[in-house]
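Here is the structure we will look at, set down as structure tokens.
The values are calculated or read from the model by the stated rules, or taken from the named source; none is laboratory data. Just so it is clear, the structure is predicted and the values come from calculations on it, not from any experiment. Please note: Cβ atoms are built from the backbone with ideal geometry, for glycine as well, and neighbour counts cover all protein chains shown. Calculation scope for accessible area: heavy atoms of the full protein, side chains included, ligands and nucleic acids excluded. Shrake-Rupley method; radii C 1.70, N 1.55, O 1.52, S 1.80 Å.
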Amino acid sequence: FDFRFPQSSSIIYLQYSSAPLLFPVNPWDIMLCMSGTVITCENAIVVAIIFYTPTLRTPMFILIGSLATADLLAGVGLILNFVFQYVVSSEAISLITVGFLVASFTASISSLLAITVDRYLSLYNALTYFSDRTLRYVHSMLLFTWGASLVLGLMPVLGWNCLGAPETCSIVRPLTRANLTMLAASFFLIFVLMLALYIRICKIVCRHTQQIALQQHFFSATHYVATKKGVSTLAIILGTFGASWLPFATYCLVGQRAYPAVYTYATLLPATYNSMINPIIYAYRNQEIQRALYLLLCGCFRDAAYRSRSPSDV
């Protein structure tokens, strides 16, 4: 994925060779590589924690592991993109790298949707949440998530690219404008679905709080604080996701390949921050992840005699 973004009316091509670089490195590429490094380190820890902790096998943690794996691959892809851009000159590697990044970021966004569905089911069907049926739902969502991501990632490699027709290039070469438009439209669809589900979750949380208050014959300040905290958490989750990806997804629809490359970089970089923030929101804030991390760092790999108090943090 060589990020040969358009500048003015022509495309800037970076010449690759094994000789010392004769041109300065683009600072935007450095920032993307640094972002990829942080993303890789953060999510590698989460993947290791879930892998080495047998008790973290509930549907929620399986989905968090899927998200961390997708973000980990996205971080690795950003690092490889930087290396291949300035070291190796190969259209084949460029196509493989862009496909790898598309598949990884698609899996990350789709995993966020799967986590949202899981949180909704954990509240809507709380009594049957830990049944085998829920586990089958989770496996089905994972199969669909990674299957669709793999298909979208293979499209540029299998021929849906603009290498043979430069006039069809999008703001991100070698993706065609039609391909990038489809990816952006898919993002907006996922965002709308997540928004609808989180609105339903907020309604369920508020209704449960009112029912508890009626059973206890009063609505205490504790209930109000708990409800407000739950709604605020949902707002932070959805707001972070939207703030990270909406600028880039919107620019994918309206941007032209003749526009300055800085516009693409300025919208793409915040999108990568979502993979940097995801482990903080979905993993490191969880008490069980925190305890497992403590055990992992202390070298105490033992089965903990506890289980999740609730299927979600909401």
Next on the checklist: Under 8 Å between Cβ atoms, which residue pairs at least 6 apart in sequence (or on different chains) link something in the stretch 112-138 that is among the charged types (D, E, K, R) with a partner that is not in a helix (DSSP H, G or I)?
Outcome noted: Asp118/Pro311; Asp118/Ser312; Arg119/Pro311; Arg119/Ser312; Arg119/Val314
Checklist entry - Only one residue in Leu143, Leu163 is out of contact with any His (no Cβ under 8 Å at 6 or more places or on another chain) and either crowded, with 20+ Cβ neighbours inside 10 Å or not in a helix (DSSP H, G or I) (or both). Which one? => result Leu163
Next on the checklist: Take the conditions open to solvent by 60 Å² or more (accessible area, probe 1.4 Å), under 30 Å from Pro24 (Cβ atoms) and in contact with a helix residue (DSSP H, G or I) (Cβ under 7 Å, 6 or more places away or on another chain) and apply them to Phe100. Does it pass?
Outcome noted: yes
